[in-house]
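One structure is given here, and the rest of the page talks about it.
Nothing in this text is a laboratory measurement; each read-out follows from the coordinates by a stated rule. If you're wondering where the values come from, they're calculated on a predicted model, not measured in any experiment. Note that we place each Cβ from the backbone using ideal geometry, even for glycine, and neighbour counts take in every protein chain shown.
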């Protein structure tokens, strides 16, 4: 497939030179983001490396762009809510620190240690459900939940893992139903995928399933691997959400006339603010960010300490949730994906998806494989949600609001890859050291936390040495 | 006198009504941007070949009952046949695939199944097998449902006489603390009365259960005066928790009649709301009632089909808790649907079955109206296509019947909007007079590469326990973001057509919803958190909702 077939439009300055009659917004110096219009249509089919590079170049430019009102920044008549929601009263200011829009660009927050990375405490965002006209100007947790900015390195692999796990869990549900119907009796099966257990599901002969024993996964058995709560299905869903919340740029695929009756739902005078193709470019760039890796500083004693620390990490039981690696069957990333529902483009809404083969990238091709040929994704996570507080250790239970049906003290296991390069440490990014956040583990993490706390200082130090080898090398 | 001739006598008044409406709806045909569902007619391929036939007595009627009779939760069908026997069909449609039905031989006497005008499903004896009331020209038939779509006559065991009337309407509700439902049956013209058919409307009937362990309806009550009912519905119009009985009547045959609202009170006969109580006289050729609640304020709106204008009634500002004063908002909503929207026939339409539903899953209420000339009335449209009025974000309805594919040259009567292949997109069956029934499969929205799914959805089944297990009368409240949608589980309304089973709610772009149920006794449930695109079972008393999945084909 050629770039022309993919619908690329020239966006360089040169293309405009010599043109005498340019609309104001088309002038080379116009204060807008040309890459928003760089793609005429959705990419589709299996992309070559060159095509991927061209696509991700646009995606990166969008990620780094300082969006302006000419791009559609601001949403005076719409809230930050994931479901399109009108404000009761228009807002005068474009930016608003808590309810958003709160950022000029994606990279303004996602920048540690490089573009696409995490963010400092100053980049914390406020994850209110925000369905009402949330003019909240308070940081009181009864109105919002403050969250640190996560990094996105390796995010494409994370989404692929989640898709495969969702598929596995739903297949188990299907098998339970099949057995129940065939046998005329209730069948209870363990929900396990890639070695991670998600409780049990019981199927009745009439086709009903009892969901009471699920553990750490939503009732539709879709692993939602993004955000600290684990409530976003895909990079695509995250991107559409974030563009609205943080910039007031509304993607057609959710906020367009098909679903809202208006091409300018947020009432800022700019219609069709973000095409599905532009979303795809952003997704492609994020999905192909290299996975974090390991690097031992050339400092005497660090290698030995890290090796010992990794052993202690296992001995303490940290790896029961922070799984060193999860196996991945395929490196082919299809966008739009299979598990998004209406409001985020999915594979049923397009004639053909685009497929990004991560094995075209050296960083992915170099990942270890198991004896079945599966890629071992070294994320140090399990993509499962856990209770993180108990009666004694409750620092991570400092919120008052459930988010997307997930209770206040339940969070998805943080993937530790990259933790040597950047935080956030804790969902509010308010722990300054790894030691502090380890000691803040209660609930399901309590036993491992206690083992760490009771260990010799040298062993605790070794664990820190190990964790600091898990770095992002952009 | 034939309906054709008699109708001509009524035309002067009708003409006045129609002229106002022909000026066009207030809502211009702009701004509809949601998906239009493509409804593919495939009745014959699906195995349904059935016509509603007969003479003058069967100019009205032609209902259909949709309910699960074999425990697989797929909606099965019973179609009234008029002079032909009613037909039973078992749904064998693969999930998400082409519709497929198998004709069922019930073993019932063909004479009993002949003369059927309408069919309503209801579990009268609380045994979790849906029973069936067949409204007939003559003795109404009650069929007790059993396993595997077995039915047996139960008039005697339920002590329901069935009468001798020309029955055309039904509604049922569980009155407070009653073990069994109260059933209202609407009757049409008394053909044996002097002067028939004009001014000889038969009284309607109210069947209240007698105390006891088994259904006993041996003391029916006459609801007089009757005004030739063609649809009736128990409805909680004033949020009181006690439904009253609304009846739409055919002005063709009554004298001094009108639309009716019976005030139901425990342990005493119903009383008609009067003008002094705010009930305003309205005379229409009432054919069907549909209920919705546009703004989920607990005060429902009603679509009333007629010849010419469809009415959409909303409680007026002058209304009160005991003052049922309504105003017509059909014009401002663009839903008068008073004449055909395609085909070039500009004569007034004739509306029959009406039903609100979200047929494109965009969270906005749509309205289907079955249309069709009574028989060959020259002053009414002969090509009178069914309406698919799609709700828009501009609060108006937009006609999309032709684009959707329902604008067929048939005379529609009863209908049911139902998800026959369990894919979350509502399909449609229309019973036609002297023409095979139409069965439309919802393919989704058209694109240049095929069809794509529409918005998200959820379907909900309630289990109320031992009495009234299907929770007739319950209110389902579904919240997504700031939006609340409600559905009332009802038996009745439409035109001779009833439905039992999952309640469908479109969710648009919401991927999850919070559901609360007000059970028939008025108690509110705790919130149930569910994800979109699921069949949900809510069992009273259980902490969590269950999901249900159809067997794979």
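Between residue A:303 and residue A:212, what is the FRET efficiency for a Förster distance of 45 Å, r being their Cβ-Cβ separation, to the nearest 0.05? E between residue A:303 and residue A:212, to the nearest 0.05, is 0.40.
Computed over the range A:373-455, the alpha-carbon pair-distance distribution with 10 angstrom bins reads 17, 48, 29, 6, 0, each value a whole percent.
Counting neighbouring Cβ atoms within 10 Å and putting the fewest first, the residues B:183, A:464, A:410 line up as A:464, A:410, B:183.
Per-residue extension of 0.36 nm, minus the Cα-Cα distance of residue A:68 and residue A:372, leaves a gain of 104.5 nm for this segment.
Which number do you get for Rg(Cα) / (2.2 N^0.38 Å) in the range B:219-338? List each step's numbers first, then the result.
Numbers: Rg = 13.9 Å, N = 120, 2.2 N^0.38 = 13.6 Å.
Compactness ratio reported: 1.02.
The simple spin-label model puts a point 7 Å past each Cα toward its Cβ; for residue A:186 and residue A:30 those points are separated by 6.4 nm. A convex hull fitted around the alpha carbon atoms of the range B:266-322 yields 130 Å³ per residue. Across the range A:156-210, the convex hull enclosing all Cα atoms gives 63 Å³ per residue.
Note on B:176, B:459: ascending count of other Cβ atoms within 10 Å places them as B:176, B:459, the fewest first. On the basis of the beta-carbon distance and an R0 of 22 Å, residue A:401 and residue B:482 show a calculated FRET efficiency of 0.85.
Based on a Kirkwood Rh over C-alpha pairs, give the Stokes-Einstein translational diffusion coefficient of chain A at 25 °C and viscosity 0.890 mPa s in µm²/s. Numbers along the way, then the final one.
Working: Rh = 23.5 Å.
Approximately 104 µm²/s, per Stokes-Einstein.
Potential lengthening of the chain between residue A:97 and residue A:272 amounts to 60.5 nm, from the contour at 0.36 nm per residue minus the alpha-carbon distance.
Residues within the reach of a label modelled at residue A:458 (point 7 angstrom out along Cα to beta-carbon, backbone nitrogen below 19 Å), restricted to the range A:293-334, are A:300-316.
Averaged over peptide A:338-344, how many Cβ atoms belonging to another chain are found within 10 Å of each residue's Cβ? Mind dumping the intermediate values first?
On the way: counts 0, 0, 1, 12, 17, 8, 2.
Shielding by partners across A:338-344 averages 6.
Using a cutoff of 8 angstrom between alpha carbon atoms and counting only pairs six or more residues apart, the relative contact order for chain B works out to 16 percent. As a proxy for reagent exposure, B:398, A:386, B:227 were ordered by neighbouring Cβ count within 10 angstrom, fewest first; the result is A:386, B:398, B:227. Per residue of A:212-220, other chain Cβ atoms within 10 Å of the residue Cβ number 3 on average.
Convex hull volume of the C-alpha atoms in the range A:137-282, normalised per residue: 167 Å³. One way to sum up the overall shape of the range B:102-161 is the equivalent ellipsoid from its Cα gyration tensor, whose semi-axes run 17, 15, 10 Å, largest first. Quotient of the Cα radius of gyration of the range B:372-493 and 2.2 N^0.38 Å, N being its number of residues: 1.30. Global size of the protein assembly as shown: 31.7, 113 Å for Rg and Dmax (C-alpha atoms, Rg to one decimal, Dmax whole). On full extension, the segment bounded by residue A:197 and residue A:314 gains 40.3 nm, given 0.36 nm per residue less the C-alpha separation.
If both residues of a DSSP beta bridge must be in the protein assembly as shown, then about 90% of such bridges are antiparallel. When the alpha carbon gyration tensor of the range B:42-452 is reduced to an equivalent ellipsoid, the three semi-axes, largest first, read 29, 27, 22 Å. Each label point was placed 7 Å from the Cα along the Cα-to-Cβ direction; for residue B:539 and residue A:263 their separation is 5.2 nm. Report the label-to-label distance for residue A:394 and residue A:294 in nanometres (one decimal), using points 7 Å from each Cα along the Cα→Cβ vector. Taking the two extended label points, one gets 3.9 nm.
With Rh defined as the Kirkwood radius, the inverse of the mean 1/r over Cα pairs, the Rg/Rh of the range B:456-548 is 0.95. Go ahead and run the numbers for FRET between residue B:345 and residue B:255, Cβ-Cβ distance against an R0 of 35 Å, rounding to 0.05. Between residue B:345 and residue B:255 the formula returns 0.65.
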